[in-house]
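The values are calculated or read from the model by the stated rules, or taken from the named source; none is laboratory data. Here the structure is a predicted model, which means the values were calculated and not measured. Here the Cβ positions follow ideal geometry from the backbone for every residue, glycine too, while neighbour counts run over all protein chains shown.
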Amino acid sequence: MKAFLNEISKGEQQLKQCDLNLDYLISNGAPFDWPAFKKRPLESLVHAIISQQLSVKSASAIRKRVHALLPAGENFTPENISAINDEDLRAAGLSQAKVRTVNAITEFSLNEDNDFYALHNHTDKHIKDQLCSIKGVGPWTADIFLMFGLQRFDVFASGDLGLRKAIRLLYQLDELPSPQQCDVYSKKWQPYRTIAAWHLWRTVD
């Protein structure tokens, strides 16, 4: 844990040195914090699906209602999720499309050939390719999973609307930057783009 925290501190210092705009943001913002989803990949991936195209507040409310559908005191497992009927997931706030995706993720994780719980042993690209093979999981969801589920330091969800808005604010741009332009801006933040993204999100929450 100490080495992990030291790496976060190192990353913030490097970001502050390479970008004066981020220097101000990091120095005056909240301390970086990662949700404790590491080693709980299914929960993290389902959370990412729930969060698609929703505000932080709305997504949080739905996540709580989904958690309430689990057996008392138990965590996300494929068996627990598959035992929840579609109507209850819809009542919790998931769209029909998201319910189908959650079911597809559960089926994927139950298939031993996919080795879902060993994804952390692979490269970012391999993981994204595997996840995007699941119907309903796209690049944004895969990026969020890498960032918060596996706690990879150098991921940037350039298509995320919040990050695009944050970059526009950070550099006082006249127009919302495209995902491709965001990729260009983020290159200077390598290999700590996840940390940069977290601080950027805080400006538009």
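Give me the helices (runs of 4 or more DSSP H) completely within the range 1-64, filtered to those with at least 2 residues that are at pLDDT 90 or above and basic (Lys, Arg), ordered by residue number. Reasoning before the result, please.
Details: elements: 2-18, 20-28, 41-51.
Correct list: 2-18.
Name the single residue, out of those in the range 180-201 being out of contact with any helix residue (DSSP H, G or I) (no Cβ under 7 Å at 6 or more places or on another chain) and surrounded by fewer than 16 Cβ atoms within 10 Å (Cβ to Cβ), that is farthest from Asp23 (Cα to Cα). I'd like the intermediate steps shown before the answer.
Going residue by residue through the range 180-201, those that are out of contact with any helix residue (DSSP H, G or I) (no Cβ under 7 Å at 6 or more places or on another chain) are 180-181, 183-184, 187, 190-191, 198.
Within this subset, residues satisfying the condition of being surrounded by fewer than 16 Cβ atoms within 10 Å (Cβ to Cβ) are 180, 183-184, 187, 190-191.
Working: Gln180: 23, Asp183: 19, Val184: 18, Lys187: 16, Gln190: 15, Pro191: 16 Å.
The selected residue is Gln180.
What number goes with the only condition from (1) farther than 27 Å from His120 by Cα; (2) touching a residue at least 12 places away in the same chain (Cβ under 8 Å); (3) touching a helix residue (DSSP H, G or I) at 6+ places or on another chain (Cβ under 8 Å) that Asp88 does not pass?
Among (1) farther than 27 Å from His120 by Cα; (2) touching a residue at least 12 places away in the same chain (Cβ under 8 Å); (3) touching a helix residue (DSSP H, G or I) at 6+ places or on another chain (Cβ under 8 Å), Asp88 violates only (3).
Taking Asn28 as meeting all but one of (1) within 28 Å of Arg100 (Cβ to Cβ); (2) free of Cβ contacts under 8 Å to residues at least 60 places away in the same chain, write down the number of the exception.
Among (1) within 28 Å of Arg100 (Cβ to Cβ); (2) free of Cβ contacts under 8 Å to residues at least 60 places away in the same chain, the lone unmet condition for Asn28 is (1).
With the requirement that a residue be among the aromatic types (Phe, Trp, Tyr) and touching a residue at least 60 places away in the same chain (Cβ under 8 Å), what does the range 95-134 give you?
Just the residues of the range 95-134 that are among the aromatic types (Phe, Trp, Tyr), to begin with: 108, 116-117.
Of everything in the range 95-134, those that are among the aromatic types (Phe, Trp, Tyr) and touching a residue at least 60 places away in the same chain (Cβ under 8 Å) turn out to be Phe116, Tyr117.
Give the number of residues within the range 175-195 that are touching a Phe, Trp or Tyr at 6+ places or on another chain (Cβ under 9 Å) and either at positive phi or not in a helix (DSSP H, G or I) (or both).
4
Determine if the range 49-62 includes at least one residue that is in contact with a Lys or Arg (Cβ under 9 Å, 6 or more places away or on another chain), under 30 Å from Ser9 (Cβ atoms) and in contact (Cβ under 8 Å) with a residue 60 or more places away in the chain.
Yes - at least one qualifying residue is present in the range 49-62.
Anything in the range 120-149 that is at pLDDT below 90 and either in contact with a Phe, Trp or Tyr (Cβ under 9 Å, 6 or more places away or on another chain) or closer than 19 Å to Ser95 by Cβ (or both)? List them, or say none.
Phe148, Gly149
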